[in-house]
1. Which shape class, rounded, prolate or oblate, goes with segment 41-83 when its Cα gyration tensor gives a ≥ b ≥ c as root eigenvalues, a/c under 1.5 marks rounded, and past that a/b bigger than b/c marks prolate?
2. Over segment 1-83, what is the mean sequence separation of C-alpha contacts under 8 Å (at least six apart), divided by residue count, expressed as relative contact order in percent?
3. Determine the calculated [θ] at 222 nm for the chain from helices alone, applying -39500 (n - 2.57) to every DSSP H run no shorter than 4 residues and normalising by the residue count; nearest 500 deg cm²/dmol.
4. Over the chain, average the accessible area per residue using a 1.4 Å probe and give it in Å², no decimals.
5. Using mean Cβ contacts within 10 Å as the protection proxy, how do 10-16, 104-110 order, highest first?
6. Note the full-extension length gain between I89 and A138 as 0.36 nm times their separation in residues minus their Cα-Cα distance, in nm to one decimal.
7. Within the set K24/K99; K30/K103; K33/K109, which residue pairs have Cα atoms separated by over 25 Å?
8. Can you find, among M110, N58, N34, the residue sitting farthest towards the positive end of the charge dipole of segment 1-110, where Lys and Arg contribute +1 and Asp and Glu -1 at Cβ?
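The values are calculated or read from the model by the stated rules, or taken from the named source; none is laboratory data. All values reported here derive from a predicted model rather than from experimental measurement. Note that each Cβ is placed from the backbone with ideal geometry, even for glycine, and that neighbours are counted across all protein chains shown. These accessible areas exclude ligands, DNA and RNA; they are computed on the full protein's heavy atoms, side chains included. Shrake-Rupley method; radii C 1.70, N 1.55, O 1.52, S 1.80 Å.
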Amino acid sequence: PFSWHPLLMTWGLIGCAGISVVTKKMGGYKNTKNHGLIAVLGAMFAFGGLYAIYHNKNLYERPHFTSYHGKIGLLLVISSVAVGLIGAIFLHPDCGTDKINQKIRRIHKMCARIMLASAWTLAFQGFTKISSDPVALACYGVPLLLLAPFTLI
């Protein structure tokens, strides 16, 4: 059902992604490895959310990826994989092919920040489609605004 889509996307692209960033900011070898694992878990949740909406559209014979929300959402899920692959291939603390390259680190970090900010904005925009209640919107949106400085800066 549709309800799995916002739940899994929120867990993946907001919850796990945000926790992953904060974990990395704590520094150290173990936190760096945990950062990657939590990010992979987030991507798995996001793929589950993508599958949920794809399946829901099939059930109701609706076209896929026709709205800006759908197109940008697909791009963000693909972007999360790309950012993750950059981290895993080049920056992994054990086997990264270029783990001390500061330019790659900056690119990885900046792309992740853009992806996260876009995902959080898109999640809120999507929430406005399922609720117009100002209290519900505030309960979803205000925590995103409050957590942004800890994850996006």
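1. oblate
2. After rounding, I find 36 percent.
3. Using -39500 (n - 2.57) per qualifying helix, the result is -25000 deg cm²/dmol.
4. Working: 9440 Å² over 153 residues.
So the chain comes to 62 Å² accessible per residue, rounded to a whole number.
5. Averaged packing, sorted descending, gives the order 10-16, 104-110.
6. In short, 13.8 nm is gained.
7. Details: K24/K99 14 Å; K30/K103 22 Å; K33/K109 15 Å.
Pairs exceeding 25 Å: none.
8. Most positive-ward Cα: M110.
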